[in-house]
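Student: So that we are looking at the same thing, I have put the structure below in structure tokens.
The values are calculated or read from the model by the stated rules, or taken from the named source; none is laboratory data. As the structure is a computational prediction, the values presented were derived from the model and not from experiment. Here Cβ is always computed from backbone atoms with ideal geometry, including for glycine, and neighbour counts include all displayed protein chains. Please note that ligands, DNA and RNA were not included when accessible areas were found on the heavy atoms of the full protein model with its side chains. Shrake-Rupley method; radii C 1.70, N 1.55, O 1.52, S 1.80 Å.
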Amino acid sequence: MKQTVYITRKLPEDIINTLSLHFHVRMWKEENIPVPRDILLKEVEDIDALICLLTDKIDEEVIGRAPHLKIISNVAVGYNNIDIAAAVKRGIQVTNTPGVLTETTADLTFALLMATARGVTTASEALRNGKWGAWSLMEFTGQDIFSATLGIIGLGRIGEALVKRAKGFDMNVLYYNRSRKQDKEQELDIHYAELNDLLQKADYVCLMIPYSTEVHHLIGKEELSLMKPTAILINTARGGLVDEDALYQALKNRDIWAAGLDVFEIEPVPADHHLLSLNNVVTLPHIGSASYKTRMSMAQLAVENVVSVLGGGEALTPVQM
Ligand code: NAP
């Protein structure tokens, strides 16, 4: 009998067709609405594999309802939406999609940094709203990027890809990582700094670490108070790394210059979210990996993980536990 795969969001047809050759496939067919919790709980009852997105909370309850489940294949590199301990306890393999999205996410991170530094969205909105008066010496002035100091928190795949972009702008790069990477320092011409030291010295602070409860609100009131008044915070990692209330106050009081945010603590954010009311914030709806080619590669890799594990083989990209 064919094994059963459930997919929590509409995937491209070509990709589903490959999967359907091997398995019985069911899918939540909406593109922009996550599968409701009650439907998810029902759908997992007889499945062998689950392909899910970062919007799906795969916790102990979901796992407990799926007695035959062998693999949870997340279409994302971050996997803080999955209760890894509960999966391990049941011997379920968890996989993610590292690597295929590295360069695309680094591109977006650098684009957000540049847009925030130069107030690109605010200036553009002013023009559209008829607020472009006479050319002014100091209006719409932002911060320079070239030769500035970039502080990267988390020198992993994306952090390292960011260094390459920064070096093209003659930036001085500091990094903080839980394990110091001395081999990379010479190779990439970067310097290690402890977290507080990096926060004090950097003109741009970029968060590039995974979210877990240990790093919840890593950047809070105290950390923001260490940053320069001209500094900019960029977060394309996960929203939970930043205390949003503390960030709001720091931006409102101009304790820091600006922030560029692709991720939020609770997504999607409502239009009346307090951070959206500030004109020194550039916001995006979690589009770090959103190029057509990369999203296709992520879906493809998620499917290949399922094909391999249900076929009795090894996962291609297991989450290291
Ligand atoms: P990665 O290669 O695993 O890199 C993560 C780095 O962070 C590693 O160097 C790791 O150090 C370091 N790290 C982990 N926990 C830390 C801690 N508590 N303190 C200091 N450093 C720590 O991951 P990646 O592929 O670069 O992705 C990074 C994150 O970006 C993902 O987890 C995801 O949340 C986010 N992301 C967002 C988007 C988006 O659409 N906005 C897209 C892709 C990824 P070790 O070497 O010691 O493990």
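Student: Just the residues that are outside any helix (DSSP H, G or I) and in contact with a His (Cβ under 9 Å, 6 or more places away or on another chain), please, taken from the stretch 288-312.
Tutor: Gly311
Student: What is the residue count in the stretch 33-82 for residues that are charged (D, E, K, R), more than 16 Å from the ligand (Cβ to nearest atom) and assigned to a loop (DSSP other than H, G, I, E, B)?
Tutor: Number of matching residues: 4.
Student: Here is a further query. Exactly one condition in (1) touching a residue at least 60 places away in the same chain (Cβ under 8 Å); (2) touching a helix residue (DSSP H, G or I) at 6+ places or on another chain (Cβ under 8 Å); (3) of a type outside the set (Val, Ile, Thr) is false for Ala237; which is it?
Tutor: (2)
Student: Okay, moving on. Just for the stretch 287-321: of the residues that are surrounded by 15 or more Cβ atoms within 10 Å (Cβ to Cβ) and without any contact (Cβ under 8 Å) to a residue 40 or more places away in the chain, which one is nearest to the chain's Cα centre (by Cα)?
Tutor: Arg295
Student: Go through the stretch 263-300 and report how many residues are closer than 20 Å to Ile51 by Cα and away from the ligand (no atom under 13 Å from the Cβ).
Tutor: Result for the stretch 263-300: 5.
Student: Evaluate the following for Ser277: is it under 15 Å from Leu112 (Cβ atoms), surrounded by fewer than 17 Cβ atoms within 10 Å (Cβ to Cβ) and among the hydroxyl-bearing types (Ser, Thr, Tyr)?
Tutor: Here the answer is no, as Ser277 does not meet what is asked.
Student: Quickly run through the stretch 101-127 and pick out the residues that are open to solvent by 60 Å² or more (accessible area, probe 1.4 Å) and of a type outside the set (D, E, K, R).
Tutor: Met114, Val120, Leu127
Student: Please go through the stretch 99-136 and give me each residue that is without any contact (Cβ under 8 Å) to a residue 12 or more places away in the chain, within 16 Å of the ligand (Cβ to nearest atom) and not in a helix (DSSP H, G or I), ordered by number.
Tutor: The answer is none; no residue qualifies.
Student: In the stretch 84-97, what residues are surrounded by fewer than 20 Cβ atoms within 10 Å (Cβ to Cβ) and on the phi < 0 side of the Ramachandran plot?
Tutor: Ile84, Ala85, Ala86, Val88, Lys89, Arg90
Student: Between a residue in the stretch 263-274 that is in contact (Cβ under 8 Å) with a residue 40 or more places away in the chain and any residue that is in a loop (DSSP other than H, G, I, E, B), which pairs come within a Cβ distance under 7 Å, given they are 6 or more apart or on different chains?
Tutor: Partner pairs satisfying both residue conditions: Glu267/His286.
Student: For the stretch 137-151, give me the residue count where each residue is part of a strand (DSSP E or B) and either within 8 Å of the ligand (Cβ to nearest atom) or free of Cβ contacts under 8 Å to residues at least 12 places away in the same chain (or both).
Tutor: So the answer is 0.
Student: Can you tell me which residue is most open to solvent (accessible area, probe 1.4 Å) among those in the stretch 152-168 that are within 9 Å of the ligand (Cβ to nearest atom) and charged (D, E, K, R)?
Tutor: Top of the filtered list is Arg157.
Student: How do the pairs read when you match residues in the stretch 175-201 that are free of Cβ contacts under 8 Å to residues at least 60 places away in the same chain and in the same structural domain as Gly151 (by TED's automatic domain parsing) with residues anywhere that are loosely packed, with under 12 Cβ neighbours inside 10 Å and among the polar types (S, T, N, Q), using Cβ under 9 Å and keeping only pairs 6 or more apart or on different chains?
Tutor: Correct list of pairs: Tyr192/Gln182.
Student: Can you work out which of the residues in the stretch 208-234 that are in contact (Cβ under 8 Å) with a residue 40 or more places away in the chain and of a type in the set (Ser, Thr, Tyr) is least open to solvent (accessible area, probe 1.4 Å)?
Tutor: Step by step, filter the stretch 208-234, then rank; the result is Ser212.
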